[in-house]
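The values are calculated or read from the model by the stated rules, or taken from the named source; none is laboratory data. Quantities reported herein were computed from a predicted structural model and do not represent experimental measurements. Here the Cβ positions follow ideal geometry from the backbone for every residue, glycine too, while neighbour counts run over all protein chains shown.
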Amino acid sequence: MNFDFSDELKQLRDEARRFLAERNALAAARRVLESDGGHDAALWREIGEMGWIGAAIPEAFGGAGLGPLGLCVLAEELGAALAPVPFSSSAYLASEAILLAGSAAQKERYLPKLASGAIIGTLALAEGPGALTPARLGAAVAGDRLTGTKQPVPDGAAADIAVVAARGTDRRLALFLVDLAAAGVARERIATIDPSRGHARLIFSGAAAEPLGPAGGGERLLERLFDRAAVLFAFEQLGGARAALDMAKAYALERYAFGRPIGSFQAIKHKLADVYVAGELARSNAYYGAWALSQEAPELPLAAATARVAASDAFYLAAKENIQTHGGMGYTWAFDCHLYYRRAKLLALALGSTRIWKDRLVARLETQHDGALDGATGIAP
Amino acid sequence: MDFNDTPEEAAFRARVKEFLAANAARRAPGSAEGYRSSQSAPGALERAKDWQARKHSAGFAGITWPQEWGGRGGSPIEQVIYNQEEAAYAVPRGFFEIGLGMCIPTVCGWGTAEQRQRFAPPALAGSEIWCQLFSEPAGGSDLAGLRTRAERSGDDWIINGQKIWTSGAHYSDYGILVARSDPGMPKHKGLTFFFLSMKTPGVDIRPIRQISGHSHFNEVFFTDVRIPDSQRLGAVGAGWQVALTTLMNERLAVGDAPGPDFREIFDLARRIELDDGPAIRNAAVRDQLAQWYVKTQGLKYTRFRTMTRLSRGETPGPEASIGKLVGASKLQEIAAFGMDLMEMGGIISDPSVMPAEALFQQALLYSPALRIAGGSDEILRNIIAERVLGLPADLRVDKDVPFNRLPTGRR
Ligand SMILES: Cc1cc2nc3c(=O)[nH]c(=O)nc-3n(C[C@H](O)[C@H](O)[C@H](O)COP(=O)(O)OP(=O)(O)OC[C@H]3O[C@@H](n4cnc5c(N)ncnc54)[C@H](O)[C@@H]3O)c2cc1C
């Protein structure tokens, strides 16, 4: 049994933790939040130079070739630091989509630049409030021209390219690659609950769009992309949960009320114990997701949904109880509690709510063979 | 990252599999058998003793115990491997865990070489059963509040008082006992630790009926019970330190919560019809199922992370408390929800007409015990908060006060 990351990856994780602390990524997140800047370009450049963005991109395309486990350890640290960079959009969404479905030419054209951070990629999916279904999809491609409006698009104002979900000529959902600098693309920043990560509204009016992946395979591709991204986002969420708990713990030791540290009140102790337990269960589920991702295992869809639900709930719990532990201070702009709270909700909706993922989880269980149910007493992973 | 055994672990697992296949029956998938606490069934004790004896002669009892105690001298990971494999079999459980998990390690840790040789082998072989005489009406979570008196009389001690909740006292041969030898000292300092035969004159065992209707635990009264000083473990007044050894082992000894687990509630949801079709099609049901699956898997892979640490020779810390804390409440929730799915008929506890042989109904009644025994939910949260997160201990009013000057309640 070696259910842990390799020493090499742990070293990468420690380096990432040190680097993000040195750069004070949390303060950078606050600067972006206050300036509405979208992201921290200097931090992004350095992250690119260190090869993080291309961690999972094969060396042949300019990446570090560490595989998805490399992204997992980095994601946790970026999540803990609330790093205000378009990492998830570029690395887990755009790059992964091209890796999964891109033609040789598309891979060669985009992956090296995505890996270095020279260009930023994103995924343009949502079309305002309400669940996205193929039937309700407004964006459409006719010939090779895309029309429609996407919002919110993460890092949409900064991105150079977007993978866009739209209806193809056959009326079915498909993914397209769009150069966002080209004609027929208008974009504007859009206000969200978490301005430390920029979001935009993209309006396409006859923009050039090239298909990503074979015709008719859009829905399946999107599902695979989401399963992979769910694991990576889970690590980001784990990091956030860990940092929010650390912050609450530190405050509970320093703040005195009724002549004693508030951390000596059981209502606070037990609350934080519950936050810890939720975080540990989420971590264990995320590790299993990481294993399934790294092995391209048939268990990935179920493992991803499990990791996603656990991590979304754990980060949100940690973030809201961190505010509660801080009392009035937790509600001030000056304290960082709200940064975690905003990010927790942002990430919990980024790939769809836990409601949708729970439903997906049960659907996947229904189609699994009985071995998947061995649960608590199970021997097989 | 992998789930593979090392070659040595794989070889050990193969031997375990071979032994189990030859000596026990597999638990039918999804069946209630093996979950049900069948201690009260006729002949259960004899079957359990027989199974323990076979386990012992095959070398799978006391896997981590030193060979001089009659154990295998193996590693904790081997114990985990054995437990994993045994979980798939319908073997008797519930009679030896307290003795082997808590009592004998304490006796061996603090006793003499002769005592180790005398008591460890028969306990391992299942011929002698032990119980834990700790809790009292005035000392449960606050164990050091216990009042049973131990007074010196020549080479003996005279014990007077009452223990409560003593699991298995009625079929046990021996017990470990903490008693108060000096009420003038602060509560943790005036305790002394003993072991004794449950047949000693003056020991009166009376069963307590649980809410499940069964009687697995007892009140034990002590009236002028004589214990020779040679059966004292640790120094006079050092009983608390000895008791801590027992309690440290307790968290490891308390196993998984019994079912129904996720598999049973999932099967039920697939089979049972609600007003609007099969339960599994109902959104509220799906939401619940997903939450329990996420918890079940989270616990499973937390165990795998612990195994990884054991496999590397590291010692898992107090985070092991997570399993019981999460598992006990999950069990209680699943039991109640399963009954809800059965609607008005859900209250029937006659196994012949109920899904899973009325396991959900039984679990409703036995699950509360798991949230109390072996450290209540609240105590476990305290342990996590203090030992894992480093938050301050609770404020105490009883620390340096002589025991006989402490305030007491009416219960
Ligand atoms: C099925 C079963 C088997 C048992 N078997 C044995 C056995 O074999 N041998 C043995 O010695 N004992 C045994 N026990 C006893 C068990 O250890 C105690 O019941 C347990 O420690 C709780 O003590 P109590 O019952 O006195 O409850 P109390 O300690 O009175 O607790 C009552 C409530 O107060 C809460 N509480 C108490 N202290 C605190 C605190 N500091 N902070 C917050 N909340 C607190 C508890 O969590 C609980 O909710 C068994 C119990 C059960 C249910």
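Details
- Qualifying positions in the stretch B:331-356 - of a type outside the set (S, T, N, Q) and surrounded by fewer than 17 Cβ atoms within 10 Å (Cβ to Cβ): B:333, B:336, B:340, B:343, B:344, B:345, B:347, B:348, B:350, B:351, B:353
- Qualifying positions in the stretch A:230-252 - touching a helix residue (DSSP H, G or I) at 6+ places or on another chain (Cβ under 9 Å) and surrounded by fewer than 24 Cβ atoms within 10 Å (Cβ to Cβ): A:242, A:246, A:247, A:249, A:251
- Sole residue being closer than 27 Å to residue B:134 by Cβ, modelled with pLDDT of 95 or more and either exposed (fewer than 15 other Cβ atoms within 10 Å of the Cβ) or within 14 Å of chain A (Cβ to nearest Cβ) (or both), chosen from B:385, B:328, B:320: B:385
- Residue among B:192, B:148 that is within 13 Å of residue B:239 (Cβ to Cβ), hydroxyl-bearing (Ser, Thr, Tyr) and either within 14 Å of the ligand (Cβ to nearest atom) or outside the structural domain of residue B:136 (by TED's automatic domain parsing) (or both): B:148
- Test for residue B:273: is it more than 8 Å from every other protein chain (Cβ to nearest Cβ), within 26 Å of the chain's Cα centre (by Cα) and of a type in the set (Asp, Glu): no
- Filter result for residue B:111 (more than 14 Å from chain A (Cβ to nearest Cβ), over 20 Å from the mean Cα position of the chain (by Cα) and crowded, with 20+ Cβ neighbours inside 10 Å): yes
- Meeting the requirement of 2 or more residues that are over 30 Å from residue A:71 (Cα atoms) and within 12 Å of another protein chain (Cβ to nearest Cβ), the helices (runs of 4 or more DSSP H) wholly within the stretch A:251-369 are A:266-294.
- Residues in the stretch B:175-185 that are touching a strand residue (DSSP E or B) at 6+ places or on another chain (Cβ under 6 Å) and either without any contact (Cβ under 8 Å) to a residue 60 or more places away in the chain or away from the ligand (no atom under 13 Å from the Cβ) (or both): B:177, B:180, B:181, B:184.
So that you can scan it fast, the table gives a plain yes or no per residue for (1) more than 18 Å from residue A:290 (Cβ to Cβ); (2) of a type in the set (Phe, Trp, Tyr); (3) touching a residue at least 60 places away in the same chain (Cβ under 8 Å); (4) surrounded by 19 or more Cβ atoms within 10 Å (Cβ to Cβ):
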{"residue": "A:66", "(1), (2), (3), (4)": "no, no, no, yes"}
{"residue": "A:74", "(1), (2), (3), (4)": "no, no, yes, yes"}
{"residue": "A:104", "(1), (2), (3), (4)": "yes, no, no, no"}
{"residue": "A:130", "(1), (2), (3), (4)": "yes, no, no, no"}
{"residue": "A:134", "(1), (2), (3), (4)": "yes, no, yes, no"}
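- In the stretch B:336-375, of all residues being within 30 Å of residue B:139 (Cβ to Cβ) and in contact with a Ser or Thr (Cβ under 6 Å, 6 or more places away or on another chain), the one that is nearest to the ligand (Cβ to nearest atom) corresponds to B:366.
- Verdict on residue B:201 being closer than 28 Å to residue B:396 by Cα and either away from the ligand (no atom under 16 Å from the Cβ) or of a type in the set (Phe, Trp, Tyr) (or both): no
- When residue A:113 is tested against (1) surrounded by fewer than 23 Cβ atoms within 10 Å (Cβ to Cβ); (2) assigned to a loop (DSSP other than H, G, I, E, B), only condition (2) is not met.
- Which numbered condition residue B:278 fails, given (1) within 11 Å of chain A (Cβ to nearest Cβ); (2) more than 22 Å from the chain's Cα centre (by Cα); (3) touching a residue at least 12 places away in the same chain (Cβ under 8 Å): (3)
- Odd one out for residue B:397, checked against (1) modelled with pLDDT under 95; (2) within 14 Å of another protein chain (Cβ to nearest Cβ); (3) more than 13 Å from the ligand (Cβ to nearest atom): (3)
- From the list A:201, A:224, the lone residue that is at pLDDT 95 or above, more than 30 Å from residue B:292 (Cβ to Cβ) and of a type in the set (Lys, Arg) is A:201.
- Residue B:308 being among the hydroxyl-bearing types (Ser, Thr, Tyr) and either assigned by TED's automatic domain parsing to the domain that holds residue B:142 or under 26 Å from the mean Cα position of the chain (by Cα) (or both): yes
- Any hit, the stretch B:61-76, residues being farther than 19 Å from residue B:171 by Cβ and within 14 Å of chain A (Cβ to nearest Cβ): yes
- Strands (runs of 3 or more DSSP E) fully within the stretch A:156-243 that include at least 3 residues being touching a strand residue (DSSP E or B) at 6+ places or on another chain (Cβ under 9 Å), under 30 Å from residue A:336 (Cβ atoms) and of a type in the set (D, E, K, R): A:185-189.
- Lone unmet requirement of (1) away from the ligand (no atom under 16 Å from the Cβ); (2) in contact with an Asp or Glu (Cβ under 6 Å, 6 or more places away or on another chain) for residue B:406: (1)
- Residue B:252 vs. criteria aliphatic (A, V, I, L, M) and at pLDDT below 90: yes
- Criterion applied to B:172, B:215 was being more than 9 Å from the ligand (Cβ to nearest atom), away from chain A (no Cβ under 14 Å), in contact with a strand residue (DSSP E or B) (Cβ under 6 Å, 6 or more places away or on another chain) and at pLDDT below 95, and the one residue passing it is B:215.
This table checks each residue for (1) among the aromatic types (Phe, Trp, Tyr); (2) crowded, with 20+ Cβ neighbours inside 10 Å; (3) at pLDDT 95 or above.
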residue: A:4; (1), (2), (3): no, no, no
residue: A:11; (1), (2), (3): no, no, yes
residue: A:27; (1), (2), (3): no, no, yes
residue: A:30; (1), (2), (3): no, no, yes
residue: A:46; (1), (2), (3): no, no, yes
residue: A:50; (1), (2), (3): no, no, yes
residue: A:56; (1), (2), (3): no, yes, yes
